[in-house]
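Here's the structure, in C-alpha cells; my notes come after.
The values are calculated or read from the model by the stated rules, or taken from the named source; none is laboratory data. The structure presented is a predicted model; accordingly, all values stated were derived computationally and were not measured. Here the Cβ positions follow ideal geometry from the backbone for every residue, glycine too, while neighbour counts run over all protein chains shown. Side chains are part of the model used for accessible areas, which takes the heavy atoms of the whole protein and leaves out ligands, DNA and RNA. Shrake-Rupley method; radii C 1.70, N 1.55, O 1.52, S 1.80 Å.
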Amino acid sequence: LMDMSYAVKGVYTIKWRDQSGALFEISDYLTSTDLMPKPVLIEPTNSAIVASTDVLFKWDPVPGANEYRVEVFDNADNRIRNVFTVASYQTTLDPGEQYSWRIRARYVSKYGLKDSESRSEKWYFSTN
C-alpha cells in the first residue's frame with residue numbers, strides 16, 4: 001500500500017517517453033487520500049457448511065462505497081469469481097468443496113477511483 005499522507009487533492013499528470021522517443025501523458029484527479037473502512041462480512045460465516053450450492057454472499061455496507069468487488073477462491077486459493085456489484089452477490093458453486101471469500105469496497109466517480117486497498121478479512125466455507 002502506498003503512503004498517500006503527503007498527497008494533496010487535485011489533478012496529477014504523469015509524462016514519459018518510450019524507447020522510440022514518443023511522449024505519453026496521463027492525468028487523473030485525486031479526490032481523496034483516505035482509505036475506506038474494511039468491509040465486514042456477514043455470510044457465509046467463517047467455517048460455515050453451506051447447505052446448498054447456490055451461495056449468497058452478504059456484507060455490511062461501507063459508508064461512501066458505491067460498488068463492491070467480490071472475490072471467491074477455491075481450495076487451492078485460485079480466484080474463481082471476481083465480480084463487481086452494488087449489493088449482495090449470489091452464485092452457484094460445486095458441491096462438497098472448500099472455498100474462501102473477501103470483499104473490497106470501492107467508490108467510483110467521474111473523476112477517478114477511490115479504492116480501499118484494505119480488503120475485508122478472508123472467510124472460509126464449504127458447500128454440501
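Pop a pseudo-label 7 angstrom from the Cα along the beta-carbon direction at both Thr85 and Ala51 and give the gap in nm to one decimal.
Distance between the two pseudo-spin positions: 2.0 nm.
Placing +1 on the Cβ of each Lys and Arg and -1 on the Cβ of each Asp and Glu in region 29-109, which of Pro63, Phe84, Ile103 has its Cα farthest towards the positive end of the resulting dipole?
Pro63
For Ile80, enumerate residues with amide H under 5 Å from its amide H, sequence gap 5+ or separate chain, H modeled in the peptide plane.
Hits under the 5 Å cutoff: Val72, Phe73, Asp74.
Per residue of region 90-102, in order, report the coupling 6.51 cos²θ - 1.76 cosθ + 1.60 (Karplus, θ = phi - 60°) as ³J(HN,Hα) in whole Hz, putting x for Gly and Pro.
In residue order, the calculated couplings are 10, 8, 9, 10, 5, x, x, 10, 9, 9, 9, 8, 7 Hz.
Rolling a 1.4 Å sphere over the protein heavy atoms, what is the accessible area per residue of region 19-98, to the nearest Å²?
Values: 4950 Å² over 80 residues.
Accessible area per residue, region 19-98: 62 Å².
Quote to one decimal, in nm, the extra length available between Asn128 and Thr92 on full extension: 0.36 nm per residue of separation minus the C-alpha distance between them. Can you show the working numbers first?
Details: separation 36, 0.36 × 36 = 12.96 nm, distance 1.21 nm.
Here the answer is 11.8 nm.
How high is the relative contact order of region 53-114? Use alpha-carbon pairs under 8 Å, at least six apart in sequence, and give a whole percent.
Numbers: 104 pairs, mean separation 26.0, N = 62.
Contact order relative to length: 42 percent.
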